[in-house]
Amino acid sequence: MSQLVVMGNTSLKGEIKASGSKNSVLPILAATVMIEEPVVIKNVPELRDVQTMISILQQIGKTVSFENETVTVMPGEILVGNVPYELVKKMRASFNIIGPLTMICGWAKVGKPGGCNIGQRPVDFHLKGLEAFGFRITEEHGDVMAVIPNSFEKEIVYALPFPSVGATEQLMTTAALMEGSTITIENAAREPEISDLQNFLNACGAQIAGASTPTIKITGVRNLHGSEYSVIPDRIETGTYLLGTIATKGDVKIHGTRSDHLISLLSILEEMGAGIEKGQDYLHAFWKGPLKPVRISSEPYPGFPTDLQPIITAVLATVEGTSVIEENVFENRFGYVDELNRMGARIKVSSSHANICGVDKLSGAEVVAPDIRAGAALVIAGLAADGETIINNVTHLFRGYERFQEKLRTLGAKITFYPDEE
Ligand code: EPU
């Protein structure tokens, strides 16, 4: 199993640059399936999940190159409407390909993603939405088959049961090419990544309005054309480094970031008593004395992001008093708590709540990272703890954090990666 070994009692100090957003670029890459001209996407982070999406595009016939943070997707000669489970199981965002691929090929067969370490994560909203658009959906042998209707209704309205990020992206992208139809998605997710996808699609000739509000309206067009587009900075990566700075009593400036995408985190950090300076395109976090405990509920945007929930828990583990975290997005996002408790934290989970009783100091231990964000939380806990922490199963981290060890080392961390021996 791959490992990271982290030396404790380290304060993160220095300056780094934010990477492009993983969760923006994945649906943007999926949308390129529908564009039969060259597309150039800039500020793309070099991550395993991005490589997986590129492999899918190549598998269905696109020619894709990736260098200097730039992905170029060329139109391929043949598009195959088939994405095997082998690729979908590596990353759930692969499922975002099914709508765009069906629009181009007339049909698509994509492996149905299973559950994962943070919850069951079904795709029923994606499928019900596509059915509301008129697609015929069947499931067999673990695959989902979608077939395009002969024509689309003139007016389609679909209300999501929950503002799902992936389903909003899937439906908004698919609808962009439904010529002759006006599609309204209600109770849409409002995450900044949805606006980024809207901006990208509109730059390619789509007619979409309303991203960042609960109602998105799409007027389907006949074709999308090529364009050059730069993705937004990764707000979860920035949030991770801000929290790492506070956990380690450090002082870090993150350049090229967007404070307007992190309002809920920044207000919690201020409530905790952390030092925060917001610049035009940077965020600066610094320690200015003992922190206060807080109550936090993870919510869809603009609420506190579920992806930062494990990481702020690692910070609160050593904040005197009792903090309470409520997880409202995924049903199983406290899987890392036992690992933090192995490091001396005092956290009790009962259904969707975690009560965190702050201790003076954590102590290094051998732990296992159950998912991307929990892995980052354990690394931060390890940096702040006494002694050495060994984090197993860290390949998850490279799915979501670009040049993770390199950036941490720039900030003074002593961290060593031992790859899987297989
Ligand atoms: N849900 C359903 N049915 C669906 C879709 C979602 O029940 O068809 C439920 C999910 O099970 C979950 C909730 O709705 O309980 C929200 O899920 P959502 O669809 O919003 O999440 P997602 O699109 O699968 C994206 C991010 C996640 C992030 C969530 C929430 C990408 C590639 N992934 O997932 O990011 O946690 O939104 O903000 O955009 C990560 O980066 O580490 C990560 C997990």
Hits in segment 161-201 (condition: over 20 Å from the mean Cα position of the chain (by Cα) and of a type in the set (A, V, I, L, M)): ALA175, ALA176, LEU177, MET178, ILE183, ILE185
Selection status of LYS89, more than 16 Å from the ligand (Cβ to nearest atom) and basic (Lys, Arg): no
Single match in GLU15, GLU37 (criterion: in contact (Cβ under 8 Å) with a residue 24 or more places away in the chain, on the phi < 0 side of the Ramachandran plot and part of a strand (DSSP E or B)): GLU15
Residue tally, condition among the aromatic types (Phe, Trp, Tyr) and assigned to a strand (DSSP E or B), over segment 368-422: 2
Single residue of segment 387-412 satisfying the filter (within 16 Å of the ligand (Cβ to nearest atom) and without any contact (Cβ under 8 Å) to a residue 40 or more places away in the chain) that is nearest to ASP251 (Cα to Cα): PHE404
Residue tally, condition more than 17 Å from ALA381 (Cα to Cα) and modelled with pLDDT under 95, over segment 403-422: 5
Every residue from segment 92-128 that is within 11 Å of the ligand (Cβ to nearest atom), in a loop (DSSP other than H, G, I, E, B) and either in contact with a Phe, Trp or Tyr (Cβ under 7 Å, 6 or more places away or on another chain) or farther than 24 Å from ASN332 by Cα (or both): PRO113, ILE118, VAL123
Residue check, PHE162 assigned to a loop (DSSP other than H, G, I, E, B) and closer than 27 Å to ARG258 by Cα: yes
Condition met for GLY205 (in a loop (DSSP other than H, G, I, E, B), touching a strand residue (DSSP E or B) at 6+ places or on another chain (Cβ under 7 Å) and not aromatic (Phe, Trp, Tyr)): no
Test: residue in segment 214-224 that is away from the ligand (no atom under 16 Å from the Cβ) and small (Gly, Ala, Ser): yes
Subset of segment 174-201 [closer than 14 Å to SER151 by Cβ and within 16 Å of the ligand (Cβ to nearest atom)]: none
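Restricting attention to segment 169-188, report how many residues are of a type in the set (S, T, N, Q) and without any contact (Cβ under 8 Å) to a residue 60 or more places away in the chain.
Residues flagged as of a type in the set (S, T, N, Q) and without any contact (Cβ under 8 Å) to a residue 60 or more places away in the chain within segment 169-188 amount to 4.
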Set GLU139, GLU153, GLU131: member being charged (D, E, K, R) and assigned to a helix (DSSP H, G or I): GLU131
When residues of segment 282-333 are limited to those that are within 16 Å of the ligand (Cβ to nearest atom), β-branched (Val, Ile, Thr) and within 19 Å of ALA345 (Cβ to Cβ), the one surrounded by the fewest Cβ atoms within 10 Å (Cβ to Cβ): ILE296
Residues located in segment 72-84, provided they are modelled with pLDDT of 85 or more, farther than 12 Å from LYS62 by Cα and surrounded by fewer than 17 Cβ atoms within 10 Å (Cβ to Cβ): ASN82
Candidate set from segment 245-281 (those that are within 23 Å of PRO293 (Cβ to Cβ) and within 16 Å of the ligand (Cβ to nearest atom)); member that is nearest to the chain's Cα centre (by Cα): LEU262
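Residue-wise test of (1) within 11 Å of the ligand (Cβ to nearest atom); (2) surrounded by fewer than 21 Cβ atoms within 10 Å (Cβ to Cβ).
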site: SER19; (1), (2): no, no
site: VAL25; (1), (2): yes, no
site: ALA31; (1), (2): no, no
site: GLU36; (1), (2): no, yes
site: ASN43; (1), (2): no, yes
site: GLN51; (1), (2): no, yes
Residues within segment 68-91 that are part of a strand (DSSP E or B) and either within 19 Å of SER21 (Cβ to Cβ) or within 18 Å of the chain's Cα centre (by Cα) (or both), tallied: 4
Boolean, PRO161 is within 12 Å of the ligand (Cβ to nearest atom), surrounded by fewer than 16 Cβ atoms within 10 Å (Cβ to Cβ) and at pLDDT 95 or above: yes
Criterion violated by ALA211 - all others in (1) assigned by TED's automatic domain parsing to the domain that holds ASN9; (2) touching a Ser or Thr at 6+ places or on another chain (Cβ under 6 Å) satisfied: (1)
Residues (over 21 Å from the mean Cα position of the chain (by Cα) and not in a strand (DSSP E or B)) located in segment 211-225: THR215, GLY220, VAL221, ARG222, ASN223, LEU224, HIS225
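The values are calculated or read from the model by the stated rules, or taken from the named source; none is laboratory data. All values reported here derive from a predicted model rather than from experimental measurement. Here the Cβ is made from the backbone with ideal geometry for all residues, glycine too, and neighbour counts use every protein chain on show.
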